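Every read-out reported here was derived from the displayed coordinates using simple, explicitly stated rules and does not represent laboratory data. Here the structure is a predicted model, which is why all the values come from computation and not from measurement. Every residue, glycine among them, receives a Cβ derived from its backbone with ideal geometry; neighbour counts consider all protein chains shown.
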Amino acid sequence: MKASAVSMEHLVTDLKAVARDSEDLMHASRTDLGEAAGALRERLAKSVESAKATCRQLQDKTVATAKKADLAVHEHPYRTAGIAFGIGLLVGVLAARR
């Protein structure tokens, strides 16, 4: 699996954990604001930090990839235009078949 796919899965998992922990915190805070709520708050804070770190990593990778793509387009503009034309033609042919 590619690193970006693994990072995306990790981000989704972290966001699901944040949502689940938030729901648990809401349910716990209705009845008991004691030790259980404190533990849930800690879990929620860890999940949020993990999701933020993963998001930052994905953002950094996206910026680096965009810079590489920009450089490649500027170094080979005619080749890039030809490839884009070919892909557009292929998509058009496939869309017209339906």
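Treating only the Cβ of Lys, Arg, Asp and Glu as charged (+1, +1, -1, -1), what charge dipole size does the stretch 3-97 show about its Cα centre? Round to the nearest 20 debye.
420 debye
Based on the Cα gyration tensor of the stretch 3-97, what are the three equivalent ellipsoid semi-axes, each the root of five times an eigenvalue, rounded to whole Å and given largest first?
Over the Cα atoms of the stretch 3-97, the ellipsoid semi-axes are 46, 18, 7 Å.
What length, rounded to one decimal in nm, is gained on full extension from His76 through to Arg97, with 0.36 nm per residue of separation minus their alpha-carbon distance?
Going from the current span to full extension adds 4.4 nm.
May I ask which residue of Val91, Gln57, Leu15 lies farthest towards the positive end of the charge dipole of the stretch 3-97, with charges of +1 (Lys, Arg) and -1 (Asp, Glu) on Cβ and the Cα centre as origin?
So the residue we want is Val91.
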